[in-house]
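> Questions regarding the structure given below will be posed in turn.
Derivation of every value follows stated rules applied to the coordinates shown; laboratory data play no part. Since the structure is predicted, the reported quantities are computational estimates derived from the model, not experimental observations. We place every Cβ from the backbone using ideal geometry, glycine too, and count neighbours over all the protein chains shown.
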Amino acid sequence: MSGERDLRMLLRHMKPKLQPGIFVFCTIPAGQRVPSALNPLLTFREQEGTTVVAFLEDAERAGLRYEFASRLITLTVPSALDAVGFLAAITARLAEAGISVNAVSAFHHDHLFVPVDHAHEAIAVLQELSIAT
C-alpha cells in the first residue's frame, strides 16, 4: 500500500490519536544488548549507543535511566515515506505553540512523542491545523 503524498490531504485527514501510556527515551551503551525483559516500542542504533523508547513502567522495571516522559500521538492518515512537508508543517505548528516533539516516521504512519503535560494541547493544535487546511 502506498501512502498519501499530497500535503493538503495529509494535513486534512491526519486524525491525531493519543495512544495510552507514558513513554520514555533511554540509551543502552554501544556494544550492550537491550535487556531481554524490555519490550521497546522503538530502537535506533547510533554510534554512541542504542536509543530505546519504551513504556515508563518497563524502563523502571529494567532499571534504566530515562529522559523525556512523553505521550505518543499517532497521525492515522496513511502517509508515504517520501511525502514532502508533512512533518515540517506539523512540527512548525507545535513549535509555535511552544510544544517540543520527537517525530518518527514508520512504514504506515507518522508518530509524535510530546511532553506528557502538553499532550492534550498538542492534540488540539493538530486538530486546529487539520480543520484550517
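> To the nearest 20 debye, what is the magnitude of the charge dipole of the chain about its Cα centre, counting +1 on the Cβ of each Lys and Arg and -1 on the Cβ of each Asp and Glu? Numbers along the way, then the final one.
On the way: 11 positive and 14 negative charges, 52 e Å.
Magnitude of the dipole: close to 240 debye.
> State whether segment 61-125 is rounded, prolate or oblate according to the following rule on the C-alpha gyration tensor (a ≥ b ≥ c being the square roots of its eigenvalues): a/c under 1.5 gives rounded; otherwise a/b larger than b/c gives prolate, and the remaining case gives oblate.
Since a/c reaches 1.5 but b/c is at least a/b, the shape of segment 61-125 is classed as oblate.
> What percentages make up the Cα-Cα pair-distance distribution of the chain when the bins are 5 Å wide from 0?
Going from the shortest bin to the longest, the percentages are 2, 11, 20, 20, 17, 14, 10, 5, 1, 0.
> Let me have the relative contact order for the chain, percent, based on Cα pairs under 8 Å that are six or more residues apart. Don't skip to the end; give the middle numbers.
On the way: 245 pairs, mean separation 42.3, N = 133.
Here the relative contact order equals 32 percent.
> Decide, for segment 52-96, between rounded, prolate and oblate: order the square roots of the alpha carbon gyration tensor eigenvalues as a ≥ b ≥ c, take rounded if a/c falls under 1.5, and otherwise choose prolate if a/b is larger than b/c, else oblate.
Values: a/c = 3.26, a/b = 2.16, b/c = 1.51.
Taking the square roots of the gyration eigenvalues as a ≥ b ≥ c, segment 52-96 is prolate.
> Return the FRET efficiency for the residue pair residue 27, residue 91: r is the Cβ-Cβ distance, R0 is 30 Å, and the value is rounded to the nearest 0.05. Display every interim value, and only then the final one.
Values: r = 23 Å, r/R0 = 0.76.
About 0.85, to the nearest 0.05.
> Find which of 27, 50, 16 sits farthest along the positive direction of the dipole of the chain, computed with +1 on the beta-carbon of Lys and Arg, -1 on that of Asp and Glu, about the Cα centre.
16
> Between segment 52-125 and segment 1-44, what's the alpha-carbon centroid distance in Å?
Their Cα centres are 7 Å away from one another.
> Full-extension gain between residue 107 and residue 6, please, as 0.36 nm times their residue separation minus the C-alpha to C-alpha distance. Display every interim value, and only then the final one.
Details: separation 101, 0.36 × 101 = 36.36 nm, distance 1.66 nm.
Using 0.36 nm per residue and subtracting the Cα-Cα distance, I get 34.7 nm.
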